[in-house]
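All remarks here apply to the structure that follows.
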Amino acid sequence: MKSGAPLLKFPAQVRRVFLHVFRGNRMRTGIFFFAATLCGGESVFAQTTNTIAAVTTTNLPDPSASLLRVFGALALVLGLFLGGVWFYKNWRRLTLQRGQQPKLNIHETRPLGARQAIFVVGYDKQRFLVATSPAGVSLLSHLPDAEAVVEADAGAKTSAPMPFAQALAQVLKGK
């Protein structure tokens, strides 16, 4: 390559017009050459005709790959959105698991009929038998502490644990 040869081979008339218009302004010259290089050099200055150019399908992207990319991006955005909603709704539960266990728990529930149920509720180490009905909530009995029940079961290994129905019948008879 000669030292004075231009990078792009423009027709002589175009070079003369270009040099006349942009003489002395190097910034515009650099921008013009950069734009001409990006656009493909000589095709920038090619003469136009009135014929319609045939569109080649080799330059078009594969529609299935484009569709896959669009649905992949949509799935990613929806996944991030739904994950954020889930995290927003459950952040308190996640923080409770790291800290202390809650003091108030419902250990067991049995339905007695339509809109009536009985609960074993624990607070700290105490346990209560509570009934609910359409009239309201009522305390049936204080139950022995959970630790005392575990120790009693350990001491009486030969006796089988009493079913819930029998325990309930005993509590109701004692009242």
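Does the stretch 117-131 contain at least one residue that is at pLDDT below 85 and outside any helix (DSSP H, G or I)? Checked the stretch 117-131: at least one residue is at pLDDT below 85 and outside any helix (DSSP H, G or I).
Checked against (1) over 30 Å from Val130 (Cα atoms); (2) of a type outside the set (Gly, Ala, Ser); (3) surrounded by 10 or more Cβ atoms within 10 Å (Cβ to Cβ); (4) at pLDDT 60 or above, Leu96 passes all but condition (1).
Select from the stretch 138-161 the residues that are loosely packed, with under 11 Cβ neighbours inside 10 Å and more than 47 Å from the chain's Cα centre (by Cα) and write down the one among them that is modelled with the lowest pLDDT. So the residue we want is Thr158. Taking the stretch 118-129 as the range and being on the phi < 0 side of the Ramachandran plot and surrounded by fewer than 16 Cβ atoms within 10 Å (Cβ to Cβ) as the test, the residues that pass are Tyr123, Lys125, Gln126, Phe128.
The values are calculated or read from the model by the stated rules, or taken from the named source; none is laboratory data. Please read these numbers as outputs of a predicted model, since none were measured by experiment. Note: ideal-geometry Cβ built from the backbone for every residue, glycine included; neighbour counts use all protein chains shown.
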